[in-house]
Structures are given as C-alpha cells and as structure tokens.
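The structure appears below as structure tokens.
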Amino acid sequence: MTRITTRIAHLRAAGVSFVVELRAPLPRVLHWGEDLGELTGDGLAALGLTADAAALNNSLDEPRQFTVWPTEADGWSGTPAHQGHRGGTATTPRITMTGAEERPGELVIDLHDADAGLDIVLTYRLDPSGVLGVRTGLSCPYGAPGAAPYDLAATTALLPLPGRAQEILDFTGKWCRERSPQRGRLAFAGHVREVRRGKPGLDAPHLLTVGVPGFGFRTGEVWALHVGWSGNQRWLAERLPEGAGVHGGVLGGGELLAPGEIRLAPGDRYTSPECFFAWSGEGLDGLAARFHTMLRARPRHPSTPRPLTLNTWEAVYFDHRPEQLLALADAAAEVGVERLVLDDGWFLGRRDDTAGLGDWTVDPQVWPDGLGPLADRVHAHGMQFGLWVEPEMVNLDSRMAREHPEWILGPSAGVGPSSRHQYVVNVAREDVFGYLLERLDALVTEYGIDYLKWDHNRELHEAVRRGARGTDRPGVHAQTEGLYRLMDSLRSRHPALEIESCSSGGGRVDLGVLDRTDRVWASDCNDPVERQSIQRWTGQLLPPELVGAHVGGPRSHTTGRITDDSFRLITALFGHAGIEDDVTARTPAQRAVLTRWAALYKEVRGLLHSGRVVRADLDDEATQLHGVVAPDAGAALYCWVRTETSVPGQSGRVRLPGLAPGRPYRVRIRTEAGLPDLHQVTGPLWCTAALDGWVPMPGAVLTGAGLPMPTLNPGQALLIEVAAQTSAN
Ligand code: DGJ
C-alpha cells in the first residue's frame, strides 16, 4: 500500500496543470486545463476554497463533489466511474482512498470498494507533451468461499470540463471517407459514442473534442479525449444541469464490455485501456501538437527516414504475375521507390477475396519459385520488401477453416453472415496464436521481410469464444489482447520489422495498435479531394510520418474522379508518401514527374516528419492552407488547396501560421510536382515572383498581414516553401 505524502497533488507539463486534492474519503479533481503556475501555500488553499460549488435548492444538502472516482455514493448522477455486481449484489460502490503517491509526472491513487471487495489503482500520467494518460486497474484480492466473481460492467476514466466548454467535435465516416468531422452544441445530456465493431472502425470517434464555442485550428480553448484501444470502446461528453462538482461537465472513455465479459475471481485483475486527455488554449493545432510531441518521443517511434513506398494493390489487385511484378519492382526502383509492398493475392488459393485467408503459405501455382525472386530483386535494388497479411481472418474456403472450424470466433449456434466473404479467428486460443506466430515468423525470416501491411477487413459480430453449448463467452477483449500479444511476440523476434495498421483503409487507427505498429493506412481512397480531408483529420491525432499517403492513378479507383497529377502528388507529400499505381504502365514523361516528386519527398521529409503541423482558419470551406513548420520556425512547407469552386473570387490576405513574426524569411513556389491550374488571369505579384526564385518577406508580413493566394481551379494545390533568411543565404 502506498503512502499519502501530499494533500494536493499538482502535475504540470507544457502549459497544462492537473490538480487533485487527496482528501478522505475520496480525492477530488480541482483543475484540469491551463497551467496554474507554481502553487504553494495560499494558492493551493485558494484552489481548495474555491472547489466547492453552491448547494442548490432541491438537491443534495451539501455541495456536490467531482471525485476522482464518481459514483452515486457522492451524489453523482452522471456516468459512474465503474459499474458491476457480484451475483446481483454489491451494485452501489463505496469507494475510499487507501493510499496515494505522487511521482514525477505521475499520480497513483489506491482505492477500495468495500461493498464489492474491489481494489482499484487509478494512474494519472502527465506526459511532457501535456497529454494526460489515465489508466485503471481493478482486482479482487479476496473472496468469501463460494462467492460469485465480480462482474465488471464498465469502467470509465472521467475528467471534468468547465461550463464554458459547450461545442463538440468528433468524427464519423465509412469506407473511403474516414474521419469525417461532425460538430455541434453539447447539450445537457450525454453525447455517447459506443463502438461495437471490435475495432475503432471507419466511423471511429478518433478524438472527442469539446471546446469554448467558436474554437478553430489556431484559436480557442479545447479539451479532448482519445481511447487508446483497438477493441470495443465507449466515449462520452456529458453535461448535467447541476454540473460536475464545481465543474460544468465531463469527458470520459473506456472499453465497452459485453455483459459477463470481465468476471473477476480472487487474484484476477482487469486493466483498462489508457485514455489520453489533452487540453489546448491554442485551438486544434495546439491539441495536435501535444499528441504529435508525445508520439514522437516514444522509444519506438520511427527514427529512420520514412521510405517512399510502392504498394501493389491498385497496380495489380489479385492478378499476381511474377514477371510483371519483377518489372514493377524495377520501374519502382527507377523512380526512386525505397520500399515495395506486395499486397493481397500471394497466398494459397487467393485468386479473389472469396478464398484463402488463413492459409499463410505462398501459392505455388502463382509463385512457383516462391516469393524469393521478388524479395531478392527488391532487396537488390536497395529497397525494403513488404508483404500484406490479414492474420485475424479466415475464409470458409480455406484449408484452415476446413481443418480447424473450431478456430473461428463465433457462437456454438453457428456463425452469422460473412463479411467480405470472411470470418474472424480466435487469436486468444493458444493453438491459433501459435499457428499464426509460426507462419508470420517463417515468412519474415525466409524472405527477409522488412514490413508487414497488417489488414483487418471485417467487423466483429457475435465475437464469442465457443465452449460447450451454453458456455460461449464474450471474446472481443481477449481478441484485442491476443492481437497485441501476436504483434508484440513477432516484433520481439524481429525487432527491425515495421508493421502498418490497415483495416479496410483507416478502420484501426488508435494509440493501442500504434504502440506496436509504425504507421496506419489512412484510407483506401487515394482521390486527393477526399484525401485532403482524411489526412487533415487523421493528423489531428497522428503526425504525418505515421500516416500512409499514396499517389494513385489519374482516375481514382474508389471515387471515379479524375484529377491532375500535381494535385495527387502534392497531397501525398504530406504524409508517409507512396505510390499505389502500376508505374510500368506510365509514359516516360509521367515517370519523369514521379522521379522529380520522389526526389522532392526525400528532400522535404525531414521537415515534414519532425515539424509542427499548422492549419489556417479560413472562411472559405472550399480552400485549405496547411503546412509543417520546423521546430525552430526556420523553415516551412505550406500547401494551398482548392477542393471545389466557391463564390469568393479572391482569397484576400491569408496568414501563414507558425512562423516567427520578428524573423526575416524568403518564400518560393516548388514546382517539381507540377503547378496548379488557375481560375484567374495572372498573379498575385508575389506569387509570380516566387515562381522564379526566392522572394524576401518579413515574418510580420507572412504571419500578420498575410499573402493573397492565387485563385485555383477546383482540385488543385500549390506548394509554398518558406525559409528563414540567414547571413549565408
Ligand atoms: C483492404 C486494404 O485497405 C487495401 O489497401 C488492400 O490491402 C485490400 N484490403 C486487400 O485485400
């Protein structure tokens, strides 16, 4: 048991304060948000004194409190911190603090529920980026002989929101339109997102953000939550008329558990996913910067230049012909590709999406000499070799399903409808886990695979682990842990192996899977009009180097829209760039453009993959100005985009965010990816000059006054480079 060493714990980092009063019987949250500075003596006393709201008419006879573990016992009528029962009893928790310890950047509080005999460990970790991670662990240390296990229904990490936080932004989507923003007023009620897809999904909440109405990319106060988990989830923002203690509402998240999924017998322990909470006084860009900083500081964050990738999916789909793929590897190397990924279609019986999943051996009918010749050719070109896999899935038309029908995750009553002709295998089973690990390990070893594109193309329905009839048990939690274990085990055998999280595009983008993967596939949609939005909002959580962004062919395979090369190329630059196209079918002139673009990507990726992502607040929804600014504000690359036409003929002066107003800069237009088609006759003057070379420009003009932008035709983009003036230039 830990000792309570302070009365008020104050965690501070990067302009954020989190203050908890460690009082008995239960600590309460005094503040989460803007840094309150070094608080001592009087300051702390004042914070304590102002932590009680009024006792209201027709309400509790004492001021309501917002404790670290809100339940009905505190008079809390909102979502409780946990719910459960022991054989139908112990449903009203009585929580008391049994210990607390403050360590640098961390506060651990031990709680006990006397009613249920539960021990709870609540851990707050304030990252140097200012992101606050909250995790809980629940266990039953003892139990009366013959007592029922404790059935945990839910546990929710809850943090307070001030009353002024009344506008909500979160995300939804579908295949090829992931992370579509939805924004509105947070009414008195719960805004609850329950994710029951067995993965975050194409419509994942992604980052639940509540702010002072009117917040934008660059301004406004915002509070946000991300649930770092790849299984079922629950996210909420809630406002009660009586408030939350002295606060206005709450933000909360956790795992969505099925009834009976977690049953704690003596000695068992449940650890919740980590929920990440962030505050920013500088709008959505400030929030993004905190998450990017946190992710970039991880020991396993990719540290090598992100290799320009060619993925074979839209180039050949299932039509694998070794000679053609060898030629594709040669052509890819010629344009400057650094990693070639062989997508779906290489394994036993996989001629289309109706068969083969589960049989993770190379199909000798298609690849009579195995994948060795292709892997060798790719490596001989100095490129990395990547392979597509979908380990958690099975087609009924496969050896695996025929030999091991018991491996399929689903009820004893029989499986429900297939989805993309496939089912899920129960990776929590030791035999399934062992088979998959052996297969993946063998492939990686035999072919020197550098990278796996790890796909997951269906939702989990009726994901129960089969027992004898009547003993089926909910399985999403175990499945998610099984996935993590499989990835962790493979990576411990192959520490240099990189993994991409793909799920019909961007259906599994979360900080749980990103603990063991190196990038996400943002979407199957390579149409740059759609991609601008998908990348903008994926980037609200993830820095560009973690987000796969590929150039497809002129006609998008998923929308049918035809776009100019330059728009596609410029759009793909702002991520971990790649190509999703049959380069062998392109003309020499087209390949020359790709080659110039590849060189440009290699030149600018250092900046794009380490700098601060900035997005301007513009009145015209049809335009975007986004960019990446070096940490010292000495260089930047901006993208001026028009996705559709709009009424205003002129952009007016547009301010370039993120630069230092007091510094002298110079500006030029980068033309390697091509120039946009214009909806104007000429100018603006600065732009015409910047096409010929560097144009000096004070920081105050760039950041304060702003630059008039050219009026582009729809589906066009312009690349603007900014560099600080030095004595050397
Ligand atoms: C879905 C992915 O999102 C695609 O990129 C591709 O890998 C296919 N699966 C292959 O089946």
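The values are calculated or read from the model by the stated rules, or taken from the named source; none is laboratory data. This one's a predicted model, so the numbers in the text were calculated from it and none came from an experiment. Positions of Cβ are backbone-derived with ideal geometry, glycine not excepted, and every protein chain shown enters the neighbour counts. SASA here: full protein model, heavy atoms, side chains in, ligands and nucleic acids out. Shrake-Rupley method; radii C 1.70, N 1.55, O 1.52, S 1.80 Å.
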### Message
Against the definition (over 27 Å from Val551 (Cα atoms) and either without any contact (Cβ under 8 Å) to a residue 12 or more places away in the chain or within 35 Å of the chain's Cα centre (by Cα) (or both)), how does Pro698 come out, yes or no?
### Response
no
## Note on the structure
Restricted to region 230-275 and to residues being farther than 24 Å from Gly33 by Cα and touching a Cys at 6+ places or on another chain (Cβ under 9 Å), the residue surrounded by the most Cβ atoms within 10 Å (Cβ to Cβ) is Leu264
#### Entry: Options Gly507, Gly475; residue that is open to solvent by less than 10 Å² (accessible area, probe 1.4 Å), closer than 24 Å to Gly253 by Cβ, more than 14 Å from the ligand (Cβ to nearest atom) and at pLDDT 95 or above
Gly475
### Task
For residues that are surrounded by fewer than 23 Cβ atoms within 10 Å (Cβ to Cβ) and part of a helix (DSSP H, G or I), scanning just region 515-536, find the one that is nearest to the chain's Cα centre (by Cα).
Asp515
### Task
Mind listing whichever residues of region 243-263 are farther than 18 Å from Gly512 by Cβ, assigned to a strand (DSSP E or B) and among the hydrophobic types (A, V, I, L, M, F, W, C)?
Ala244, Val250, Leu251
### Task
Taking Gly190 as the residue in question, decide whether it is at pLDDT below 95, of a type outside the set (Val, Ile, Thr) and not in a loop (DSSP other than H, G, I, E, B).
yes
### Query
If you go through region 581-594, how many residues are surrounded by fewer than 24 Cβ atoms within 10 Å (Cβ to Cβ) and acidic (Asp, Glu)?
1
### Message
Can you say whether Glu459 is of a type outside the set (Phe, Trp, Tyr), surrounded by fewer than 19 Cβ atoms within 10 Å (Cβ to Cβ), under 27 Å from Leu257 (Cβ atoms) and within 16 Å of the ligand (Cβ to nearest atom), as far as the supplied structure shows?
### Response
yes
### Summary
Sole miss for Thr595 among (1) among the β-branched types (Val, Ile, Thr); (2) touching a Cys at 6+ places or on another chain (Cβ under 7 Å); (3) away from the ligand (no atom under 16 Å from the Cβ) is condition (2)
### Query
What number of residues within region 4-42 satisfy the criterion of being out of contact with any Leu (no Cβ under 7 Å at 6 or more places or on another chain), outside any strand (DSSP E or B) and open to solvent by less than 40 Å² (accessible area, probe 1.4 Å)?
5
### Query
Just checking, which of Gly410, Gly470, Gly482 is surrounded by 15 or more Cβ atoms within 10 Å (Cβ to Cβ) and either within 16 Å of the ligand (Cβ to nearest atom) or part of a loop (DSSP other than H, G, I, E, B) (or both)?
Gly410
### Query
When both residues are 6+ apart or on different chains and their Cβ atoms are under 8 Å apart, which pairs have a first residue that lies in region 446-475 and is under 30 Å from Asp151 (Cα atoms), and a second that is β-branched (Val, Ile, Thr) and away from the ligand (no atom under 16 Å from the Cβ)?
Leu460/Val476; Glu462/Val415; Ala463/Val476; Asp472/Val464; Arg473/Val464; Pro474/Val464; Gly475/Val464
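The rows are residues; the columns are (1) of a type outside the set (Asp, Glu); (2) more than 23 Å from the chain's Cα centre (by Cα); (3) not assigned by TED's automatic domain parsing to the domain that holds Ala9.
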position: Thr71; (1), (2), (3): yes, yes, no
position: Pro93; (1), (2), (3): yes, yes, no
position: Thr96; (1), (2), (3): yes, yes, no
position: Ala114; (1), (2), (3): yes, yes, no
position: Asp127; (1), (2), (3): no, no, no
position: Val134; (1), (2), (3): yes, no, no
position: Ile168; (1), (2), (3): yes, no, no
## Note on the structure
Note on region 510-526: residues near the ligand (Cβ under 10 Å from one of its atoms) and touching a Pro at 6+ places or on another chain (Cβ under 6 Å) are none
